[in-house]
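The values are calculated or read from the model by the stated rules, or taken from the named source; none is laboratory data. Everything quoted here is computed from the prediction, not taken from an experiment. Quick reminder, even Gly has a Cβ in these numbers, built from the backbone with ideal geometry, and neighbours come from all protein chains shown. For accessibility, only protein heavy atoms count, side chains too; no ligands or nucleic acids. Shrake-Rupley method; radii C 1.70, N 1.55, O 1.52, S 1.80 Å.
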Amino acid sequence: HRFSILTLLLTLIGGLTACSGLELSADDHGGEFEVLAGDVITVELASNASTGFAWELVDLDQDVLQLTAEDYRSDPNPRGLAGVGGTEIFTFTARSAGTATLRLEYIQSFDDEEVAPEDEFEVIVEVTEDLED
């Protein structure tokens with residue numbers, strides 16, 4: 001039975017690793033990436049909600065890349081201090097072949113004036129139907 005359980009576990013792990021995706025961070029700013037249609041792309045960027053700043057998506061071709069989820073994860077705060085930052089997580093799905101510029105700006109959304117963003121994140125993502133394209 002031990003062999004059967006090990007074989008099953010390896011099969012499950014192999015199936016999980018077959019799912020492809022792309023994980024991006026601030027270090028990837030300015031990069032160009034290629035993914036397959038159906039791949040999941042996550043972008044994790046440092047943020048601090050207590051300052052009123054947040055990352056906002058700027059004009060994305062939703063036919064190529066679709067925003068499917070947004071989340072905020074606070075940094076550990078064992079002392080209960082106010083103003084501790086966190087990470088904003090954006091999840092996109094590559095929908096169809098094409099090229100899209102994925103651009104996020106770190107801004108205060110309540111600011112009525114047109115001001116330059118505090119920070120920017122931009123990458124170019126090319127979605128292909130298969131690796132041969």
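Rolling a 1.4 Å sphere over the protein heavy atoms, what is the accessible area per residue of region 45-100, to the nearest Å²? Spell out each step's value before the answer.
Working: 3170 Å² over 56 residues.
The answer is 57 Å² per residue.
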Cut-off under 5 Å, modelled amide H: who pairs with Asp61 long-range: Thr101
Within region 21-55, backbone nitrogen closer than 16 Å to the virtual label 7 Å beyond the Cα of Leu81 toward Cβ: 47-51
Extension gain (nm, one decimal) between Thr51 and Arg73, 0.36 nm per residue minus Cα-Cα: 6.4 nm
HN-Hα J in Hz across region 56-70 - Karplus 6.51, -1.76, 1.60, θ = phi - 60°, x for Gly and Pro: 10, 6, 10, 6, 10, 6, 5, 6, 9, 10, 10, 5, 10, 6, 9
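Could you order peptides 26-38, 53-65, 88-100 by the average number of other Cβ atoms within 10 Å of their residues, highest first? Don't skip to the end; give the middle numbers.
Details: 26-38: 13.5, 53-65: 16.5, 88-100: 18.2.
The peptides rank, most packed first, as 88-100, 53-65, 26-38.
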Separation between Cα centres of region 35-51 and region 84-100, rounded to whole Å: 4 Å
